[in-house]
Amino acid sequence: MSEQSPEAFKDKRVLVVGIGNTACEVSLSLTNHASKIYQSYRRGRILVSRYDDDGIPLDAQVSWPALRLKYLMDYLVPGLMSTLGDKFMINKMISDASRSEPVDTRISEKERWKRTEKRVREDWRLAPAPSMAHVHPAVQEDFIPALCRGDITPAHGFKGFCGDYKVLLNDGAVVEVDAVIFCTGYDLDFKIMPELEMDGATGMPLRTAQELSTQTAGEEAKSEKHQPHLPDSIK
């Protein structure tokens, strides 16, 4: 699937596997087309907005001296800074999510934050999440609001196919879908710039991106017989 062709999934039930930026964007692009969207992921992920509650970009609020101090502390006490950074970003994710909650004047801001925290940790399973020392946070403005509206339904990790139009999840649940989109990795290439010359670093010959792409395609064709194939019923 390309993000330019979500119409192919009109009125279909779709399971999107992954919780990175690509997986989130694919699901968002399907919200006005698919009849049901499941987001399948095994573990949590830090999802953050680029802006604070006042709509000011975060990178515009950090001064250069403060950034230098952070880098110094990262060097002196990396373990402590990693723990504090993860805690700060998870709290920011909860704060960002609370902006999408319906406004209820009968409860305090603190109570609203606690309700949102429960949804983030229990309903959506976004926290706990892998440390930012190992996994970059996903920067998303619209994904959590889509979760709040019910446009996207969280699901446990993909385990396998268990029949026509059925997928088994890690928690033992079975969901019926018409299509599964795996957003768990991708190949880097420069097909969009076929004339680009790749430099001859480390003794490699100088070739264009198109030449490299053609060579890679040929190597994949030779090894295709060793690759697993999905049953015809679920292709």
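Data for the structure
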{"item": "Fewest-first ranking of Tyr75, Tyr38, using other Cβ atoms within 10 Å as the exposure measure", "result": "Tyr75, Tyr38"}
{"item": "Shape of the range 6-182, Cα gyration tensor, a/c cut at 1.5", "result": "prolate"}
{"item": "Local electrostatic count, Leu84, Cβ distance below 14 Å [Lys/Arg +1, Asp/Glu -1]", "result": "+1"}
{"item": "Simple spin-label estimate for His134 and Ile56 in nanometres, 7 Å along Cα-Cβ", "result": "3.5 nm"}
{"item": "Local electrostatic count at Arg42 - Lys and Arg +1, Asp and Glu -1, tallied over other residues with Cβ under 12 Å", "result": "+3"}
{"item": "Extension gain (nm, one decimal) between Ser95 and Leu80, 0.36 nm per residue minus Cα-Cα", "result": "3.1 nm"}
{"item": "Length added when fully stretched, Leu72-Asp123, from 0.36 nm per residue minus Cα-Cα", "result": "14.6 nm"}
{"item": "The range 131-160 versus the range 25-74: alpha-carbon centroid distance in Å", "result": "11 Å"}
{"item": "For the range 71-127, the spread of Cα positions along each principal axis, largest first, Å", "result": "46, 21, 14"}
{"item": "Net length gained if the chain between Asp142 and Thr208 were fully extended (0.36 nm per residue, minus Cα distance)", "result": "20.0 nm"}
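FYI, it's all coordinate maths here, none of it is from the lab. Note that the structure is a prediction, hence the values are computed from the model and not measured. Cβ: placed from backbone, ideal geometry, glycine included. Neighbour counts: every protein chain shown.
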